[in-house]
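Some notes on the structure that comes next.
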Amino acid sequence: MKNIILFGFSLILISCSNSGIYRELIQALDLVFTSPKDLPREAFAEIPYSTIQVRLGRSDNTILVLEEINNESYKWTSSNLIKIYTENRIITKVSGLEVDIDSIEYDENHPSKTKNYKNIDSEIYTSEYNFKNPNLFNLPIKTKFTFLKIEEVSIFDKDIKCMLFVEESLENLIRWEFKNFYWVDLESNEIIKIIQNVNPKLPEIHIKMINVMD
């Protein structure tokens, strides 16, 4: 049966090889098995403001520019008016998408609050999530925060040695399983890359802190 399936797939590829369908199939497979490329340095060079590189799921990367700082909250805006709010370089609010996250109130002991990353050993935290469309307020979400390994993150031609952490959802009031990943610079103790889930109806958000002036 396996040989029959492989033979049939080969016939499909051969029959498509003289048309645009074959090329489209290869492009689609390429999107599945490769990560979207980082934007080049030139894309950021002429922007005189703090910038971050952002993408939603496997979409192309785009640039968000710092629009406003309000106490410790940073508001980042894209050209199509998607707004991401961060505190201590972690997402607290998102607007401009089909579904929004109105706010995330992190546990007071969460490392994004304390910046105490170096002494974490599978710690458990409870944060409150507030959703829009549909509205759902003060939803407690319990997560476990664990150190994984030391890993380098490349920003342009610079490799930065980081502590990689995973934050994994536990059993909660809603069925929502996710894993967030945080890369924390060993020298500055600041997050420089995240993969974060903020809403069950949205794919994960990828952020690289390209040019953040704290």
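Read-outs throughout are calculated quantities, based only on the coordinates presented, and are distinct from any laboratory measurement. Here the structure is a predicted model, which means the values were calculated and not measured. Heads up, the Cβs are rebuilt from the backbone with ideal geometry, glycines too, and the neighbour counts pull from every protein chain shown.
Taking all pairs of distinct Cα atoms, average 1/r, flip it, and tell me the Kirkwood hydrodynamic radius of region 42-211 in Å to one decimal place.
After inverting the mean inverse Cα-Cα distance, the result is 16.5 Å.
How compact is region 61-162 by the rule of thumb for globular proteins, expressed as Cα Rg over 2.2 N^0.38 Å?
Details: Rg = 15.7 Å, N = 102, 2.2 N^0.38 = 12.8 Å.
Normalised by 2.2 N^0.38 Å, the Cα Rg of region 61-162 equals 1.23.
Exactly which trypsin sites (Lys or Arg not before Pro) in region 130-214 are in a DSSP loop and have at most 10 other Cβ atoms within 10 Å? Intermediate values should be presented prior to the final figure.
Values: sites: Lys132, Lys142, Lys144, Lys149, Lys158, Lys161, Arg175, Lys179, Lys193, Lys201, Lys208; in loops: Arg175, Lys201.
Filter output for region 130-214: Arg175.
Given C-alpha coordinates of region 40-87, what is the ratio Rg to Rh with the Kirkwood estimate of Rh? If you can, show how the numbers build up before the last one.
Values: Rg = 11.1 Å, Rh = 11.4 Å.
My calculation of the ratio gives 0.97.
Excluding same-chain residues fewer than 8 positions from Lys37, which aspartates and glutamates have a Cα within less than 12 Å of its Cα?
Asp60
Hey, got a sec? Which GluC sites (Glu not before Pro) in region 153-214 land in a DSSP loop and have at most 11 other Cβ atoms within 10 Å?
Numbers: sites: Glu167, Glu168, Glu171, Glu177, Glu187, Glu190, Glu204; in loops: Glu171, Glu177, Glu187, Glu190, Glu204.
Passing both the DSSP loop test and the Cβ count: Glu171, Glu177, Glu187.
Run down the aspartates and glutamates and flag those whose C-alpha is under 13 Å from the C-alpha of Lys132, throwing out any fewer than 8 positions away in its chain.
Candidates past the 8-residue exclusion: Glu98, Asp100, Asp102.
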